[in-house]
Every structure is written in C-alpha cells, then in structure tokens.
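Chemist: Here you go, one structure.
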Amino acid sequence: MDGTQDWSSILLAVIILSSFVLNFTDIPQKMQFWRFSSVVRRRIYELNELENDGRRKSIKYLKDLNVPNPKELIENYVDNFFMISPVDIEPTDIISRLRHLLRTRDEAVKRYVIENLKNISDEVRQKIEVMLELNSILTFINKVVKHYYNLGVKYNDWVLMMRLALDVNQIYLLAKAYNNAIEAFGVGAPIGDGAGPLVVRTLANSSEEREIVPETVVYESSFENRRIYVVKAKGPGPTVGRPGEALEKLVNELDGKIARIITVDAALKLESERSGEVAFGVGAAIGDIGPEKIAMERIATKYSIPLDAVVVKMSNEEAITTMTKEIYDGVLKAVDVVKNIIRSKTKEGDAVVVIGVGNTLGIK
C-alpha cells in the first residue's frame, strides 16, 4: 500500500512539474522554434539547389551560343537590375507612369542583352531575356525566404518561423516550376500560358501578318462571312507583346466599326478545378498589371463595343512550363467557344477582333 502511495506521489509531482514547465517557461516555444526552423533550413538548402541549377541550365544555353562570359552576364542582371514602382498614393495618371516605366524597363533589358550578344535573332534574344527573368525570380524567392528565416532566428520568433514553415512547401513548388520553365524556354516548345495565342492562331486562315505595334501582330481573316482581326504577340519567340496598345490602334484605324472584341487567355485554376477547363464571360481576359488591360477597356468603352472573355484554366506551374495534353485539349475547347460566340453574338458582314493574350513561345 505504501508503494502505491509513493508512485502516486511521484506521478502527481511529475504532473505538477510538467504543468509548471509548460505554463511558466518558454521551453515549449523553443521546442517549436527548433522544429519549424529545421523544416525551413531543409527547404532553404533545396531552394539554393534550384537557384544554382537554374543558373547552370542558363549558362549551358548561353555557352552553346558561344557567349564569352555567360556566368557574368547572368549574375550582373540577377544581382543588380531592378525597377522602382511609381507612386500610387496619388492615382492621377498612374497608368501612364506605369506604362512608361515598364516600357523603359523592357528596353533596358533588351539593350543589355544586345550589348552582350552581337548579331542574334529576335527569337533568341527574347529567350535569353526570359531566362534572365526566371533566374532573377529564383534568386528573389531564395533571398526572401532566407530574409524571414534570419529574422526569426535573430529575434527568436517562433510564430514567424511557424508561418514560414507552413508556407515554405508551396514556395518551394513555385520555385521548382520556375526552374523547370528555364528548360522549357530553352527548348522553345509552347507553354501553358500560350493557350490564348494558340487559340486565336487557329482562327487566322492566312499566314500574312502585320506588326501593328512592337512585338504584336494582326492577321486579317474570315469566319462564316465575318471579317476577323486576330491579334497576338509576334512568335515564335517568348513574348507577350502589347495587346492593349495593339487593340487600341486597330480599333481606331477601323473607326470603331467593330461588332465585338473577344479576349482569350490562360487563367489560374482553383485546386477543385481540372486543368484545361474552359470558362467564358465578359471583360478583358488579361493578367496585365494595368496598362494593357485598361487600354482594352477604354477603347471598348469609347466605341461601346461588347467585350467577351474566354479562359483556359491551369495551375501556375502549368502556365510557365511546356504545354500539357490537358491544356491543349482545353485550347481545342476554347476554339469552339470562340466560334460559338462569333456565331451567336454577331451577324454576317460584321467585323470581330479576337485577341490571344499570353506568351507566344513556339507559336508562329
């Protein structure tokens, strides 16, 4: 009986001591901190590997082009080039200021590549520009994760470390997709984001194109006694062109005599949705940060032209890597949707503009 009482006393003492440790010390928080920080450290190591692998792929591609210092070319861009966003606290003319900065940035990147690589085609130049951007994104992701990890270690902030540990798996998958995209752009095969250009290119039954604005072309075609103006970025290089500016110029050239404007683009899917699903609605289907989309909306409003949108749904990873069969099947469905919109919402003799928004890599 005395032995039983002794064990009961010991157990009670252990419970009281454990309760004191859990409630009146920071040992549980330290244990949580060690646990979450170990998760983040493993992912940081893997992010480093992805960043280095991306640079290795790009260096190999540049070496095949006989570029003398490919590593220096990449590092100078990735580590030193940036753009400062315009002031947005005062919204007056922010779109024109943003457009100006984006154009300046694009020209700066273009000039940087041309100065370092003489006598290259526009297609190769555009591929190199995209590779530089992808390497820059990988480096930025890695730096941001390390920044918050180091902040958590510096201030012993287990809550910050926990949040980072919960998010770092998704961050890693995103970085892995960008790493895979480097190889896809080097090969030159169409990517998921090319769904829009691929859809509209099937409607252009003519190979004659006109460059209406820089890196953006228009095809004049016909469909069931309607005049069709097909707008897309100029392929087969990896560019998105200037679809908003192109639409604005085209509609003004035609004095607004357009029955309908149809925009086709890729769209991010929800996890509950299947890749390649097609949806349609109204508005400008474009993932632009402002200038191109507002140009579409303004010109459509100016002439009271209905604006339709068709999207092919996909994940972020599918958008930036080689086009899958599911996405291609979605492209074929979207072609039928666009044709049905033209049949049902316009009449014979009308003029229709169809814009394929997205990266036109591998799509002539």
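Chemist: With respect to Thr263, determine if the residue is surrounded by fewer than 23 Cβ atoms within 10 Å (Cβ to Cβ), of a type in the set (S, T, N, Q) and within 20 Å of Lys232 (Cβ to Cβ).
Modeler: No; evaluated as a whole, the condition is false for this residue.
Chemist: Hey, Ile289 hits all of (1) over 22 Å from the mean Cα position of the chain (by Cα); (2) modelled with pLDDT under 95 but one; which does it fall short on?
Modeler: Failing condition for Ile289: (1).
Chemist: Has region 312-327 got any residue that is more than 24 Å from Gln170 (Cα to Cα), outside any loop (DSSP other than H, G, I, E, B) and not basic (Lys, Arg)?
Modeler: Checking region 312-327: not a single residue is more than 24 Å from Gln170 (Cα to Cα), outside any loop (DSSP other than H, G, I, E, B) and not basic (Lys, Arg).
Chemist: Okay, moving on. Criterion first (more than 18 Å from the chain's Cα centre (by Cα) and crowded, with 16+ Cβ neighbours inside 10 Å) does Val312 satisfy it?
Modeler: Judged against the criteria, Val312 is not a match.
Condition check ((1) of a type in the set (Phe, Trp, Tyr); (2) over 22 Å from Glu326 (Cα atoms)) across all residues:
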{"residue": "Tyr155", "(1), (2)": "yes, yes"}
{"residue": "Val187", "(1), (2)": "no, no"}
{"residue": "Thr202", "(1), (2)": "no, no"}
{"residue": "Asn205", "(1), (2)": "no, yes"}
{"residue": "Glu209", "(1), (2)": "no, yes"}
{"residue": "Val218", "(1), (2)": "no, yes"}
{"residue": "Ser221", "(1), (2)": "no, yes"}
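Chemist: Looking at (1) assigned to a helix (DSSP H, G or I); (2) closer than 21 Å to Arg227 by Cβ, find the lone condition where Glu292 falls short.
Modeler: (2)
Chemist: Here is a check on your reading of the model: is Asn179 polar (S, T, N, Q) and under 25 Å from Met314 (Cβ atoms)?
Modeler: Against the criterion (polar (S, T, N, Q) and under 25 Å from Met314 (Cβ atoms)), Asn179 qualifies.
Chemist: Looking only at region 271-282, filter to residues that are of a type in the set (A, V, I, L, M, F, W, C) and in contact (Cβ under 8 Å) with a residue 40 or more places away in the chain; which one of those is surrounded by the fewest Cβ atoms within 10 Å (Cβ to Cβ)?
Modeler: Once the filter is applied, the top-ranked residue is Phe280.
Chemist: Let me ask you something else. Report yes if Val168 is out of contact with any helix residue (DSSP H, G or I) (no Cβ under 6 Å at 6 or more places or on another chain) and of a type in the set (Val, Ile, Thr), otherwise no.
Modeler: It is false that Val168 is out of contact with any helix residue (DSSP H, G or I) (no Cβ under 6 Å at 6 or more places or on another chain) and of a type in the set (Val, Ile, Thr).
Chemist: Scan Tyr77, Tyr61 and give me the residue that is out of contact with any Lys or Arg (no Cβ under 6 Å at 6 or more places or on another chain), assigned by TED's automatic domain parsing to the domain that holds Arg163, among the aromatic types (Phe, Trp, Tyr) and farther than 17 Å from Phe140 by Cα.
Modeler: Tyr61
The values are calculated or read from the model by the stated rules, or taken from the named source; none is laboratory data. Being a predicted model, the structure only gives us computed values, none of them experimental. Reconstructed Cβ throughout: ideal geometry from the backbone, glycine too, with neighbour counts over all protein chains shown.
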